[in-house]
Amino acid sequence: MTNKPQLVVIDDEAGITEFVCDVAEGCGYSVQSHLSFLDFERHFISAVDVIVLDLVLPDMDGVEVLRYLAEKQVGAAIILVSGYDDSVLHSAKNLAKERGLNIKGSMSKPIKIDDLETLLLSIKADEIKKKQQSKIASTSITEAELEQGIKQKEFVLYYQPKIELNNNQFSSTEALVRWKHPEKGLLPPDAFIPLAEESGLMDQLSQLILETSFKQCEQCGLEGLHPFVSVNLSANNIKSLEFPEWLLSNLLKYSLSSSDITIELTETAIMADLVNSLEILTRIRMKGFNLSIDDFGTGYSSLQQLYRIPFTEMKIDRSFVMDALQDKEARAIIEMSIILGHKLGMKIVAEGVETKESLELIRELGCDFAQGYFIARPMPYDNLLEWIPQWQEEHPL
């Protein structure tokens, strides 16, 4: 019995299957290959971790195979491969996502070994992390336990830096919450945010997050470092008409300006209660806070939200950034989003920058700021205080 992740290749070209299998084995996978869908179906196992699927097969086309995988509720990471033009590959990828499949990437033939290795290693790391988080999330957390954790202020912030692309200088950070549970260790947001939203505890948790970020932002300024910080809010936070006043009055307890703080929201959060959201967000903006639309491009009416709400910042979703080097459609979306955002007077942040090549591409396209693992992973506050001067020393003006 092997502990290696399981990878399956479905491609009617023997040379391609052999090539992919060799690369996958070198990346630490256990591999299996099939030259037809019928062969794959005969040997189908639901426990497979990764499927590399050619869209052109002799007995069933790849789109039909995707429907089969969706009907079987296959959770494997899927990589699509095709000799078709990029637009077909792009459409197939979107269709698969709409069917709920776990699409991790797409590649045009001929496949480049470096691109395949990078993608397989990334998926392997993601799957390990997902299994760890699933194990944590499966540990039952009760509403009473969560309420007690908030009262005891067991929640801590990790900060992910952003850099300004025109000079490589540190510009600001995004505050990301973790639960430092006394018995279960450090828990990620997925382990407690859904419960907080369902139980009505999200307001209390968000207030704790905001107050902690204000305090640490002030401390950061006292250290002579840039105090700008972004904080994510959920749909629950923008239902209360009193929230803008609460936000400003609590900020004024610290030596901060509202312009130091950016409130990040996804389009989903805004659409949960559109009329109230429009009022609350407009009032927050009038009090001098910055507003950022997160995961831009993934909603059904993102352009409409840009028109309705006075955003100061647009965050381009990581899915476009990660695909842009191989996918001309993703690159075009980034390029047009940057142009649009600049026309509307917004600053543009690219999320999910994980390679030097991605960083250089978004810089070339005119993006203002970058955030992602290539720059820095989220880190505790004390580590941030060490990271900032180190980054500035390595990237002088």
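What residue, of Glu329, Glu394, Glu357, is without any contact (Cβ under 8 Å) to a residue 24 or more places away in the chain and more than 15 Å from Ser172 (Cα to Cα)?
Glu394
Which of the following residues is under 23 Å from Ser87 (Cα atoms), of a type outside the set (A, V, I, L, M, F, W, C), in contact (Cβ under 8 Å) with a residue 12 or more places away in the chain and in the same structural domain as Ile10 (by TED's automatic domain parsing): Gly75, Gly62? Steps first, answer last, please.
Working: Gly75 fails: under 23 Å from Ser87 (Cα atoms).
The match here is Gly62.
Counting only residues that are under 26 Å from Ser277 (Cβ atoms) and in the same structural domain as Ile280 (by TED's automatic domain parsing), give me the helices (runs of 4 or more DSSP H) lying completely in segment 295-397 with at least 3 of them.
302-308, 318-323, 328-343
Exactly one condition in (1) touching an Asp or Glu at 6+ places or on another chain (Cβ under 7 Å); (2) within 24 Å of Ile280 (Cβ to Cβ); (3) aromatic (Phe, Trp, Tyr) is not met by Trp179; state its number.
Evaluating Trp179 over (1) touching an Asp or Glu at 6+ places or on another chain (Cβ under 7 Å); (2) within 24 Å of Ile280 (Cβ to Cβ); (3) aromatic (Phe, Trp, Tyr) leaves (2) as the failure.
Report, ordered by the first and then the second residue, all pairs with beta carbons closer than 8 Å, sequence separation of six or more or different chains, a first member in segment 182-195 that is assigned by TED's automatic domain parsing to the domain that holds Phe155, and a second member that is among the acidic types (Asp, Glu).
Between residues of segment 182-195 that are assigned by TED's automatic domain parsing to the domain that holds Phe155 and residues that are among the acidic types (Asp, Glu), the close pairs are Pro182/Glu154; Leu195/Glu143.
Kindly establish whether Phe40 is under 18 Å from Gln326 (Cβ atoms) and assigned by TED's automatic domain parsing to the domain that holds Asp114.
no
Of all residues in segment 59-92, which are in contact with a Ser or Thr (Cβ under 6 Å, 6 or more places away or on another chain) and either loosely packed, with under 15 Cβ neighbours inside 10 Å or not in a strand (DSSP E or B) (or both)? Before the answer, list the steps.
The initial filter retains those residues of segment 59-92 that are in contact with a Ser or Thr (Cβ under 6 Å, 6 or more places away or on another chain), namely 59, 80, 89.
Asp59, Leu89, listed by residue number.
I need a count of the residues in segment 218-232 that are modelled with pLDDT under 90 and within 29 Å of the chain's Cα centre (by Cα).
Taking segment 218-232 and keeping what is modelled with pLDDT under 90, we get 221-227.
Those still in the list that are within 29 Å of the chain's Cα centre (by Cα) too: 221, 225-227.
Counting residues in segment 218-232 that are modelled with pLDDT under 90 and within 29 Å of the chain's Cα centre (by Cα) gives 4.
Give me a count of the residues in segment 96-108 that are assigned to a helix (DSSP H, G or I), within 18 Å of Gln326 (Cβ to Cβ) and either at pLDDT below 85 or not small (Gly, Ala, Ser) (or both).
1
Count, please, the residues in segment 360-382 that happen to be in contact (Cβ under 8 Å) with a residue 40 or more places away in the chain and within 18 Å of Arg178 (Cβ to Cβ).
Taking segment 360-382 and keeping what is in contact (Cβ under 8 Å) with a residue 40 or more places away in the chain, we get 362-363, 367-372, 375-381.
Next, from what is left, pick out any that are within 18 Å of Arg178 (Cβ to Cβ): 371, 376-381.
Residues in segment 360-382 being in contact (Cβ under 8 Å) with a residue 40 or more places away in the chain and within 18 Å of Arg178 (Cβ to Cβ): 7 in total.
The values are calculated or read from the model by the stated rules, or taken from the named source; none is laboratory data. The structure displayed is predicted, hence computed values, not measured ones. When we count neighbours, we look across all protein chains shown, and the Cβ atoms used for this are built from the backbone with ideal geometry, even at glycine.
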